[in-house]
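**Student:** My structure is below; once you've seen it, I'll send some questions.
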Amino acid sequence: MTRWRLASWASRLVSLWVLALGMMGPAQAQKPQVFQLNLQRTPEALYLSGRMELSPEQVVEEVLLKAVPLYFVWQADVYRERWYWADRRIASVTRTLRLAYQPLTRRWRVSLANDAGASAGGAGLQYALHQNYDTLADALAGVARVTRWKIIDAARLPADENHYVEFAFRLDLSLLPRPFQIGVGNQREWNIEVRDRINVPHRAEPDRPQVPAAPGIDSVEVPASARAEAETTTPVR
């Protein structure tokens with residue numbers, strides 16, 4: 001009788017624990033404030049420009065100050081509308097930005113990587129540009145800004161068809177060190193993400209002249225106070 005009662009109580013506790021987890025659900029995303037997000041279609045290509053404000057919680061800043069890097073991902077998927085079937089994805093581009101604090105120099109370092117090797121974790125990313133900043137605010141501004149990021153060639157966008165871009169910016173928790181991945185998915189402070197959908201303009205506009213960038217830098221805009229280190233190894237999309 002005693003064993004049966006213990007088994008019954010254990011079963012009830014497990015049921016209550018599962019129910020509590022189901023009621024909690026995933027944490028709501030902390031959305032950065034978006035100041036600018038638009039597409040520019042030229043005779044050569046489709047470009048995305050965006051600027052937002054990142055204000056991480058104190059617990060996230062404390063992890064950064066312990067020299068644990070964070071990875072922020074920009075992603076854009078181009079779709080072609082189809083009335084007879086599901087919309088077709090014709091292009092997908094991704095860029096990853098690694099934000100890290102350097103205790104010896106007391107400076108912040110942002111590294112830009114293409115999507116090659118992302119499946120192997122943070123160590124598998126191939127960085128194409130490194131930028132140093134004096135303050136965390138400047139480093140976050142560099143992470144949360146992109147200028148004329150090439151999404152797709154114009155030749156792949158017929159003018160007589162409708163297209164749109166599904167945009168996403170997020171803190172990629174899967175690239176964090178293993179000990180920090182446990183439980184952070186259900187914490188609001190760590191769930192930083194913003195998503196949007198933008199229609200592609202039907203008409204191409206003349207390409208505006210751009211200020212020449214440093215060699216190897218492709219559509220990356222940083223504050224003027226930052227000090228650049230030209231360490232280009234791989235062309236950036």
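**Student:** Inside segment 27-43, can you point out the residues that are over 14 Å from Val165 (Cβ atoms), of a type in the set (S, T, N, Q) and at pLDDT 90 or above? Break it down stepwise before answering.
**Tutor:** Quick first cut of segment 27-43, residues over 14 Å from Val165 (Cβ atoms) only: 27-36, 42-43.
Among the residues that remain, those that are also of a type in the set (S, T, N, Q) are: 28, 30, 33, 36, 42.
Of everything in segment 27-43, just one residue is over 14 Å from Val165 (Cβ atoms), of a type in the set (S, T, N, Q) and at pLDDT 90 or above, namely Thr42.
**Student:** Residues in segment 44-52: is at least one at pLDDT below 95, out of contact with any helix residue (DSSP H, G or I) (no Cβ under 9 Å at 6 or more places or on another chain) and of a type in the set (D, E, K, R)?
**Tutor:** no
**Student:** Which one is farthest from Val34 (Cα to Cα), of the residues in segment 161-191 that are at pLDDT 90 or above and either among the hydrophobic types (A, V, I, L, M, F, W, C) or loosely packed, with under 14 Cβ neighbours inside 10 Å (or both)?
**Tutor:** Here the residue is Glu161.
**Student:** Please specify each residue of segment 36-93 satisfying the condition of being small (Gly, Ala, Ser) and farther than 17 Å from Trp149 by Cβ.
**Tutor:** Ser55, Ala67, Ala86
**Student:** Somewhere in segment 117-133, is a residue at pLDDT 90 or above, exposed (fewer than 14 other Cβ atoms within 10 Å of the Cβ) and over 18 Å from Trp74 (Cβ atoms)?
**Tutor:** Scanning segment 117-133, I find no residue that is at pLDDT 90 or above, exposed (fewer than 14 other Cβ atoms within 10 Å of the Cβ) and over 18 Å from Trp74 (Cβ atoms), so the answer is no.
The values are calculated or read from the model by the stated rules, or taken from the named source; none is laboratory data. All values derive from a computational prediction rather than experimental measurement. For neighbour counting, all protein chains shown are included, and Cβ atoms are generated from backbone atoms with ideal geometry for every residue, glycine included.
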